[in-house]
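Novice: Take this structure first; my questions come after.
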Amino acid sequence: MSLPPGFLDELRSRLSLTDVVGRKVMWDTRKSNPGKGDMWAPCPFHHEKSASFHVNDKDGYYYCFGCHAKGDAITFVRETENVGFMEAIEILAQEAGMPVPKSDPKAQEKSDKRAELAEVNEAANRFFRLCLSQQGGTAARAYLDKRGMKPATRERFEIGFAPSGNALLRALKDQGISAEMAIEAGVAAKPDDGREPYDFFRDRIVFPIRDARGRLISFGGRSMDPNARAKYLNGPERLLFDKGNALYNHQEARVACGRGQTLVVAEGYMDVIALAEAGFEATVAPLGTAITDRQLQLMWRMSSEPVIALDGDKAGLRAAYRVIDLAMPLLEAGKGLRFAILPEGQDPDELIKAKGPEAMQEVLDGALPMVALLWRRETEGKVFDSPERRAALDKSLRETIRPITDASIKRHYGEILNDMRRELFRGKREEREAGGGPRKAWTPGGGRGGQGRGRFGKQAAVPTEGLKASLIVSGDEAQADLMREAVVLAVLIANPGLALEFLSQLEGLTPRSEDHAALLHAVLTHAEEEDAGALRENVIAMAGLGALDRLMSHPHVQIAPPVRRPDREVAQMCLTEELAKLKARRGYQAELAEGLEDMLAADDEQVTWRLRQAAEARNRATKAEAEDRTEFDIAENGLELSRDERNAFRALLNRIAPERGK
């Protein structure tokens, strides 16, 4: 029975050879590296105790160094199950969830045609290589010598030369290959006006293009004429060749990736050859067009995170930005891209010649994740000095990541971009503050520079009736959380060294404002600092004086006892209570959001139970939050009055003289 073209390739791509072989062997965990698909085991074909049976999952082949058994998944099933070829195909197809196609005479005819056309290309390749070595290829050899391409490299990459005229058609005719077959193979063309066919490549250095299986599917040609309309030219798309679904140096790169090399994506043939000769053998290039989605899938089959190496000029960056937009909807967990931007004015070939492979390795080691280049595209050369421009940036970032279909990846992109945005705007705010003249810094227990009680004066410390009904006890939970964060941060700054005791809780805290995020980062960075003055200076250096002043100006912060009068024991109690409330409230919100999603999907009593438990936890933690817990009131003369004593006095007055008590 004949299988349609591509069926076996698809079957192999869906199966892991490690999984197929793993049913019959016990892996040697000391020698095996599952992450790289490099597995070792005692051979199932002959009795042994040592692990001499090697499976290379990347290449899809196994080999035994003892009995020399070798093959792929199909061979393994045939040998271990003692079945024929088609039976092995059916076993593997069932495992992969692929129906085995019925006999298709047309598919067989198409497959045979492909094989015939590949042979035509092989004949053309032999002719091109011969021409390069003869007198007619003198200028081509001189050009390659000038580019530093050694004869051994030409042999390795099968470089040839297509002379002017119709020399190829004549040579193929002598071998019994018709002009029609040459046209179908893509090495000849026929004008629309009915004139005689002609050689497609003329006066060009030619580069054979092979697919992942090693079939010669087309050629690329570099013109020797500086005035040619196309400097580089690929063969026309035919039955055998689809340039959007092929990569130059695909087969060799796949093998190199199997050996653990990083997949590098260059721009052209000469870059690929230069990189491969310098030791970067896992290098491919798209074929004269921008990278396509199908080429991305081919790359991800070889490597989970290919590195796109592009020239550092504007054209190179534009190409990188196009790849970003193309890749966004295709991203999956474990499948990403990195971008290596070369020095402006140099391609990989020029960089290697000028500074050696080490310089190229440095560029690859410094490759940027896609999110970093995305941020650069949206912000470079732009000014965000108004709310409207900042809002435009927010909208642009949201629109850019909208095509990501994987919810987890989209969330991580959003978090990282939000961090970058926060850092950008915080830096600009610090610049404005730095240019606004010196300002006094807040000090514990005394406002700025120890003068007074803060920007609202000493009366700000008095917990009035209006304050009792303010944000901290209102229905606005977001503002309540913001106030609690402010109290936590102020207590930590006023009581140095205390952050170490609450480190795990603080690291899990997600601040609601840019100021709070910057202050928390500064406090955690200097968590071991025990001197109040030194901690304050470090916080100002990292987060800015403005952020610290805004924090300490909150009335709720100013009346907090461990802020007004730093005391480690009181501060510990305050932090324990406030952090517990924040955790309970945010845990409830998270469960509520997740529960609502689950309720939309299914009517499940478990969801209702989860929401009830989360609500009860929130209520336990915050049941007394409406009470004013300040231990003291501040009289108009500045004297501290005990809250308990004052309440007891009022109760006594109520009993003695009800009217005066009111």
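The values are calculated or read from the model by the stated rules, or taken from the named source; none is laboratory data. This structure is a prediction, so every number in the text was calculated from the model and none was measured. In this analysis, Cβ positions are derived from the backbone assuming ideal geometry, glycine residues included, and neighbour counts consider all displayed protein chains. Please note that ligands, DNA and RNA were not included when accessible areas were found on the heavy atoms of the full protein model with its side chains. Shrake-Rupley method; radii C 1.70, N 1.55, O 1.52, S 1.80 Å.
Novice: Using only protein heavy atoms and a 1.4 Å probe, report how much of Glu529 is accessible, in Å² to the nearest 10.
Specialist: 60
Novice: Answer with one residue from Met181, Gln295, Leu247: the one whose Cα lies farthest towards the positive end of the charge dipole of segment 166-311, charges on Cβ with Lys, Arg +1 and Asp, Glu -1.
Specialist: Of Met181, Gln295, Leu247, it is Met181.
Novice: If R₀ is 51 angstrom, what is the calculated FRET efficiency for the pair Arg213 and Arg565, using the beta carbon separation as r and rounding to 0.05?
Specialist: For Arg213 and Arg565, the calculated efficiency is 0.05.
Novice: Suppose each label sits 7 Å from its Cα in the direction of the beta carbon; what would the Ala96-Leu503 distance come out to in nanometres?
Specialist: My value for the distance between the label points is 5.1 nm.
Novice: Here's something else I'd like to know. In square angstrom, rounded to the nearest 10, how much accessible surface does Leu330 have for a 1.4 Å probe?
Specialist: 40
Novice: Something else: Give me the net charge of Asn166's neighbourhood, meaning all other residues with Cβ under 13 Å from the Cβ of Asn166; Lys, Arg count +1, Asp, Glu -1.
Specialist: Residues close to Asn166 contribute a combined charge of +1.
Novice: Find how much the distance from Ser50 to Glu237 grows on full extension, using 0.36 nm per residue of separation minus their present alpha carbon separation; answer in nm with one decimal.
Specialist: Extending this stretch completely gives an extra 62.3 nm.
Novice: How far is it, in nm, from the label point at Asp293 to the one at Tyr321 when both lie 7 Å from their Cα along the line to the Cβ?
Specialist: 2.2
Novice: Would you mind getting the accessible area per residue of segment 225-371, heavy atoms of the protein chains only, 1.4 Å probe, in Å²?
Specialist: That works out to 43 Å² for each residue.
Novice: Just grab the label-to-label distance for Ser178 and Gln251, each label 7 Å out from Cα along the Cβ direction, in nm (one decimal).
Specialist: It works out to 2.8 nm between the two label points.
Novice: Would you kindly state how much longer the chain becomes between Ile416 and Lys31 on full extension, computed as 0.36 nm times their sequence separation minus their alpha carbon distance, in nm to one decimal?
Specialist: So the chain would gain 134.9 nm between Ile416 and Lys31.
Novice: Rounded to whole Hz and in sequence order, give me ³J(HN,Hα) for segment 571-581 from the Karplus expression 6.51 cos²θ - 1.76 cosθ + 1.60, θ = phi - 60°, writing x for Gly and Pro.
Specialist: 5, 4, 5, 5, 5, 4, 5, 5, 5, 5, 5
Novice: Follow-up. Find how much the distance from Asp313 to Glu358 grows on full extension, using 0.36 nm per residue of separation minus their present alpha carbon separation; answer in nm with one decimal.
Specialist: Full-extension gain reported as 14.1 nm.
Novice: Leaving out ligands and nucleic acids, and using a 1.4 Å probe, what accessible area per residue does segment 76-180 come to in Å²?
Specialist: 58
Novice: Let me ask something else about it. Please list, by residue number, every one of the trypsin sites (Lys or Arg not before Pro) in segment 84-167 that is coil in DSSP and has at most 10 other beta-carbon atoms within 10 Å.
Specialist: Passing sites in segment 84-167 are Lys102.
Novice: Hey, another quick one. Please work out whether segment 31-132 counts as rounded, prolate or oblate from its C-alpha gyration tensor, where a ≥ b ≥ c are the square roots of the eigenvalues and a/c under 1.5 means rounded, while otherwise a/b larger than b/c means prolate and anything else oblate?
Specialist: In terms of gyration-tensor shape, oblate.
Novice: Once the other residues with Cβ under 11 Å from the Cβ of Leu330 are scored (Lys, Arg +1; Asp, Glu -1), what is the net sum?
Specialist: -2
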